[in-house]
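Presented below is the structure to which this report refers.
We did not get these values from a lab; they are worked out from the coordinates using the rules stated. Being a predicted model, the structure only gives us computed values, none of them experimental. Every residue, glycine among them, receives a Cβ derived from its backbone with ideal geometry; neighbour counts consider all protein chains shown.
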Amino acid sequence: MSTLEPPARISKPGGAALWLARMQMKHGRKLVIALPYIWLILLFLLPFLIVFKISLAEMARAIPPYTDLLEWADGQLSITLNLGNFLQLTDDPLYLEAYLQSLQIAGISTICCLLLGYPLAWAVAHSKPSTRNILLLLVILPSWTSFLIRVYAWMGILKNNGALNNVLLWLGVIDQPLTILHTNLAVYIGIVYAYLPFMVLPIYTALTRIDYSLVEASLDLGARPLKTFFSIIVPLTKGGIIAGSMLVFIPAVGEFVIPELLGGPDSIMIGRVLWQEFFNNRDWPVASAVAIIMLLLLIVPIMWFHKHQQKSVGEHG
């Protein structure tokens with residue numbers, strides 16, 4: 001006699017696997033979102049806090065050459081903050097001169113890069129597709145070689161018996177060699193040469209995104225080419241101009257190699273002052289204070305650029 005067995009309980013197909021997949025997607029999404037913040041904390045915020053901590057310490061003949069801010073002695077925790085490093089920057093005019101000259105050289109170099117980079121980006125953007133990639137390669141190609149080697153090459157070009165003076169003497173333009181090396185002019189030449197690609201590429205990208213029907217409409221309505229350029233093209237490429245200017249100005253302020261090799265004793269930039277304080281004077285607290293003030297100065301153009309980007313996104317979004 002056969003007996004009826006109760007039907008086996010049928011589990012919901014894929015229930016556990018589906019729950020596990022959802023959990024992985026949920027936490028995986030959080031991990032992907034958190035990665036940029038982790039990167040910023042480890043590579044930007046943490047080093048900044050370390051430099052800021054050193055700027056509040058005192059110089060010491062030890063390794064590392066600064067005192068600790070926190071001391072535990074006799075069961076008590078004492079905190080010693082030294083603001084004299086920042087006050088020293090206001091007492092010695094050398095630091096103010098270095099800041100002002102760094103901003104001046106970086107600003108003039110940025111303007112020169114813009115005046116040279118915009119026509120170059122325009123030529124690349126309006127070239128034939130077959131030659132456009134070659135021109136872009138020529139713009140990027142110098143960056144594939146060592147930055148230090150390129151600066152040394154300019155030393156050979158700009159020296160009294162270098163290539164530039166020899167060509168000018170051969171053409172009869174000058175009667176005696178020009179003194180260019182170890183002057184501020186050589187620093188300008190070096191910075192413009194080194195950072196020009198960072199100006200060209202953002203402007204080129206902005207030029208390729210222009211709706212040229214607006215340009216044609218302006219010309220059809222009787223506007224002159226120059227007026228069309230400044231009223232239509234320049235506003236549409238403003239984002240590329242600002243991005244390129246930031247990419248040139250910010251690193252140029254703290255430049256060390258170019259003023260050290262191409263500049264003279266009068267080329268006092270903040271990068272050279274930092275080097276002298278760190279390695280010659282071994283005064284890490286003062287050097288850290290110099291770096292903190294420089295970072296605070298650079299926050300201003302960065303915040304302005306961020307505000308402009310948000311405004312542009314709001315207008316186009």
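What Kirkwood radius, in Å to one decimal, follows from the Cα pairs of the chain? Write down the numbers at each step before the final one.
Working: mean 1/r = 0.0403 Å⁻¹.
Hydrodynamic radius (Kirkwood, Cα only) of the chain equals 24.8 Å.
Along the axis of the charge dipole computed for the chain (Cβ charges of +1 for Lys and Arg, -1 for Asp and Glu, origin at the Cα centre), the listed residues W170, F249, T205 are led at the positive end by T205. Calculated mean residue ellipticity, 222 nm, the chain: -21500 deg cm²/dmol, from DSSP H runs (n ≥ 4) at -39500 (n - 2.57) each, averaged per residue and rounded to 500.
Shape class for segment 20-79, computed from the alpha carbon gyration tensor (a ≥ b ≥ c): prolate, with a/c not under 1.5 and a/b above b/c. When the Cα gyration tensor is reduced to axis lengths a ≥ b ≥ c, the ratio a/c is 1.5 or higher for segment 170-317, and with a/b not above b/c it is classed as oblate. For the peptides 283-294, 206-217, residues were scored by their other Cβ atoms within 10 Å and the scores averaged per peptide; the highest-first order is 283-294, 206-217.
Please say if segment 41-122 is rounded, prolate or oblate, where rounded means a/c under 1.5 for a ≥ b ≥ c the square roots of the C-alpha gyration tensor eigenvalues, and otherwise the choice is prolate for a/b larger than b/c and oblate otherwise? Intermediate results must be reported in sequence, preceding the final value.
Values: a/c = 4.39, a/b = 2.26, b/c = 1.94.
It comes out prolate by the Cα gyration axes.
Fully extending the segment from N133 to N160, taken as 0.36 nm per residue of separation minus the present Cα-Cα distance, adds 6.0 nm.
Can you give the FRET efficiency for S78 and L46, using 1/(1 + (r/R0)^6), R0 = 30 Å, r = Cβ-Cβ distance, to the nearest 0.05? Before the final figure, lay out the partial values.
Numbers: r = 25 Å, r/R0 = 0.82.
Efficiency for this residue pair is about 0.75.
Quick check on my link table: of K128/K159; K30/K307; K30/K238, which ones sit more than 30 Å apart, alpha carbon to alpha carbon?
Values: K128/K159 38 Å; K30/K307 27 Å; K30/K238 35 Å.
In this structure, K128/K159; K30/K238 lie more than 30 Å apart at Cα.
When only alpha carbons are used to place a centre, segment 25-100 and segment 217-253 end up 40 Å from one another. Candidate membrane-span-like segments in the chain, meaning DSSP H helices with Cα atoms spread over at least 24 Å of their own axis and a Kyte-Doolittle mean of 1.0 or above, are 93-125, 184-208, with no membrane implied. Could you pull out every one of the aspartates and glutamates with an alpha carbon less than 19 Å from that of K227, ignoring same-chain neighbours closer than 8 positions? The qualifying aspartates and glutamates are D211, E216.
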